[in-house]
Structures are given as C-alpha cells and as structure tokens.
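Single-structure report; data block below.
The values are calculated or read from the model by the stated rules, or taken from the named source; none is laboratory data. Keep in mind that this is a model prediction, so the values were computed, not measured. Methodologically, a virtual Cβ is constructed for each residue, glycine included, from the backbone with ideal geometry; neighbour enumeration extends over all protein chains shown.
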Amino acid sequence: MYCGSCLRDNALAAELVRRGHDVVLMPLYTPTRTDEPNVSRRRVFLGGISVYLEHKLPIFRHTPKLLDRLWDAPAVIRAMANRPVQTDPRMLGELTVSTLRGEHGAQRKEVEKLCDWLATEPPPDLTILPNSLLISLAAPIRRVTGRPVGVTLQGEDLFIACLGEPWRSDTIDLIRKQMQHVDAVFAVSEQYSRFMMSYLAIPAAKMHVLPLGVNIESLRSDGQPTVEPKRGRRVGFFGRIAPEKGLHVLCEAYRRLRERKDLGPLTLEAAGYLGPEHRTYLRDIEAKMRGWDLESEFHYRGELDRSAKGTFLRSLDVFSLPATYDEPKGLSVLEAMACGVPVVQPRRGSFIEMLQKTGGGLLVPPNDPGALADGLASILADPARRAALGATGAANVARHYTVARMADRAIEVYSAVAGQAATKSA
C-alpha cells in the first residue's frame, strides 16, 4: 500500500538529495511504495519473508546468506506482499517481540546482513531508523559505524496498542530498555512528542520535533479525472479504509447532514487503501448507506496515485478525516488544505496544532457525528466562509508544512545531533 511513513521519508530524502546532500534510503521488511518518484535503494534488509521464516522455523536461522537472496529479492517480497494476507497486528505479538530482541533473537542473521553491508559503506554522519519498533538495530549500527543513531516516531503506538498481552507490555519494555542506544528521537508533531516521551520513557533531551511536509506543486497540478462532473457539493475522505481512520463516523455525520433541507445536492466521496482485513468494514458502511437510502450518494474511489489524488482532493468542497485515535500525522489533511479545501477535524492528536497553524478549517469534539455534521454544514452553507478557509489553509500549509520546510528543520536537527556526537568523540 501507499504508506504514510514511507511517503514522508521518501519526500524528505528526495528533497535532501536535491539540495546536494548524500542520503541513502534503505527499505526494511518490504520495498517501499510511494506516490512520488522513489529514491530508495532496490535492496531490502530484514526482508519480511526471512524475518517470518526465521521466527517460525529455526532451520532458516542457519541457512547460508547467499541462499537467502532468493526470498530477499524485492520482486519476491513484493509478490508475497501483494497476496490477500491479513496483517492484523493483534496476531503479530510474538514476531514483534522477536524482532525487538534483534541480534539476541531469532532474526540475528538479518541484523548481521545489515551490519555486514554497513561495514562496506562510508560511515554516515547519522543513521535514522523509521520507527521505534526497529530500535534493536540501534546498538549494532552504532557499533559498526561509530556514528550516532536516531529514531523517527510516526504512529507506531497504534500498532503496539493492538498487540495482545503479554506482547504489548514486552514490546514497550524492550523499546524503553534500548532507548539508551539512541542519540536522538524525532517526532512528527508537538503533541506526539509529548505523548511518546511518556509512553516510551524518552528523555526530553533526546526529543526533537520534525514536522511533516507535503509537495504542494504536484498536488495542485492537473491530473486525470477520477470523479464524474460535479452535481452538487462534495464531502470528502482520503485515508486508509480502517475503523481507526473514522470513515464510519463521517458516514454517520453525512446521514445527519442529509436530514437538513437547505444544503442542496450532496455526495460523500471516499478514497484510500483498502486492506483485505477491512473489506468487511467497508461492506458494512455500504450496507448502512443503503439502509439510509443514501447508497447513490456514497462513492468509494479506491486507491489513488499522486495525480489522481490531487484531482480527487481538488474536486471536494469540504474534507474530513475523523480519526478515532490521536493521529500523529494526518498527511491527507495537509494535502487537502494544500489544494484549497477546508477541513473539519476532531479536536485531538496532531489535528489541533495543524489547524492552529493553518486556520484552514474547524475543530469539533472527537467521536461526535452530530458535531461533525454541524461543522460540515456550517462550511457547506456559507460559500464565502468556505472560500476564505480554503485560501487561508492553502497559504499557511505553504508557509509551515512544505517539503522544503521539513528539509530545513531536518538539516537543523540532524546537524545538531551529528555535531554533538562529533564533539563528544573528540
């Protein structure tokens, strides 16, 4: 799928490379999939097939590394990942804990492969792991490179929360114990930095905030049409089709919205990745819309590439991603505002600071379809307000949340961490 963390990491790496920095983006577990030109290397470390086999069958912990190349090949991993396999995190507790044991666990050989490669490369000024679930790599990477290691925090707490016990507690404990091997931690929002400092016992001195950035130009350029010509106004949702992203909340709000007689023709447009484990969730939503006699007004547009996403967002009159948890990122909210679309978001997670900085929409109480419907109606019923919120949001996303601004901040904090490490070693 298009993964928000991969999109963010790829956009940052691409901008740093464009500015002349020497950046290597290495995929872990599976090849990355992005909706912009992918700058990651072709090789995959900690390949998903190897990690799984070594966890389930001890014989694979001792197979020759040359033989492992057969199932570590990106094409093979991609083929397996494209199969309709459910990836419910509640079933992955044992594998998560095993991976967090790193060189002391079942995946020791995978850590060795990564370290063997690093030993042949020029030592980087700084190595950054994409999330805290890979923190077991910090100590061996520091040992091999002799340079600092950082971790980006991008929403892994939701995955951890879904793990059953004792795996959830073991996971948190293992991450906390290995935080000593990390020189810096980079959170994607102020709210998430505060939450994760407590959740993972991260020292404040190690925490840095590195806000998200979006590529505005590619979203605003013309793409291929993905929706029919407009017949009334459109309420939109773009995100992974999963309960935690709140599409069902938006549908209930839309039902209440349609009880009003002053808004004219409306449709509810949704798009985003749909995993096999959530097909029933979407079918249930579609059944509810039929039961409310709103089936003809609800359209699921599927997973969209970059061009189609821009066209989709620009076709909307108002947008909402009513997540049912404290979302640390919310990239699609920024993308919608970048396209001049006002948003209505729950007052939680990163949405609070996002709307405070941009002024591109409204905040409403979380998990409250009635309040969400009121917010949507207030924008739909007032064209002047809708235009003003859209223009303000677009201008302030360009001011605070561009890829260029994200790269500026990354250079600032990465340089500080690398410089501190160099001073200590001197």
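Quick notes on this structure:
- Failed criterion for A410 (all others in (1) in the same structural domain as E156 (by TED's automatic domain parsing); (2) over 21 Å from the mean Cα position of the chain (by Cα) hold): (2)
- Qualifying positions in the stretch 298-335 - more than 18 Å from the chain's Cα centre (by Cα), closer than 29 Å to A161 by Cβ and among the hydroxyl-bearing types (S, T, Y): Y300
- Condition broken by I241, with the remaining ones in (1) modelled with pLDDT of 95 or more; (2) over 19 Å from the mean Cα position of the chain (by Cα); (3) assigned to a loop (DSSP other than H, G, I, E, B); (4) surrounded by 16 or more Cβ atoms within 10 Å (Cβ to Cβ) satisfied: (2)
- Evaluation of F319 against (1) touching a strand residue (DSSP E or B) at 6+ places or on another chain (Cβ under 9 Å); (2) surrounded by fewer than 24 Cβ atoms within 10 Å (Cβ to Cβ) (one fails), failing number: (2)
- Cβ-Cβ distances below 6 Å connect the following pairs, each with a first residue in the stretch 371-396 that is closer than 16 Å to R314 by Cα, a second residue that is surrounded by fewer than 17 Cβ atoms within 10 Å (Cβ to Cβ), and a separation of six or more residues or different chains: L380/L263; T392/G359.
- Residue in the stretch 311-319 that is in the same structural domain as T267 (by TED's automatic domain parsing) and assigned to a strand (DSSP E or B) present: yes
- Scanning the stretch 179-217 for residues that are in a helix (DSSP H, G or I), surrounded by 17 or more Cβ atoms within 10 Å (Cβ to Cβ) and of a type in the set (S, T, N, Q) turns up Q191, S193.
- Scanning the stretch 186-220 for residues that are within 17 Å of R399 (Cα to Cα) and among the charged types (D, E, K, R) gives E217, R220.
- Against the test of being crowded, with 18+ Cβ neighbours inside 10 Å, in contact with a Phe, Trp or Tyr (Cβ under 9 Å, 6 or more places away or on another chain) and either among the β-branched types (V, I, T) or not in a helix (DSSP H, G or I) (or both), the options L376, L363 yield a single qualifying residue, L363.
- Test: residue in the stretch 110-120 that is in a loop (DSSP other than H, G, I, E, B) and surrounded by 19 or more Cβ atoms within 10 Å (Cβ to Cβ): no
- Of the candidates R283, R301, the single residue that is modelled with pLDDT of 95 or more and surrounded by fewer than 16 Cβ atoms within 10 Å (Cβ to Cβ) is R283.
- Count of the stretch 1-26 residues, restricted to those that are more than 15 Å from the chain's Cα centre (by Cα) and either buried (at least 20 other Cβ atoms within 10 Å of the Cβ) or closer than 18 Å to T127 by Cα (or both), is 12.
- Filtered by the rule that a residue be basic (K, R), more than 19 Å from E244 (Cα to Cα) and out of contact with any Leu (no Cβ under 8 Å at 6 or more places or on another chain), the stretch 257-284 gives R260, K261.
- Those residues of the stretch 340-360 which are surrounded by fewer than 24 Cβ atoms within 10 Å (Cβ to Cβ) and farther than 22 Å from M196 by Cα, in sequence order: G340, G359
- Residue match in the stretch 377-387 (condition: under 30 Å from A187 (Cβ atoms) and either small (G, A, S) or in the same structural domain as E244 (by TED's automatic domain parsing) (or both)): no
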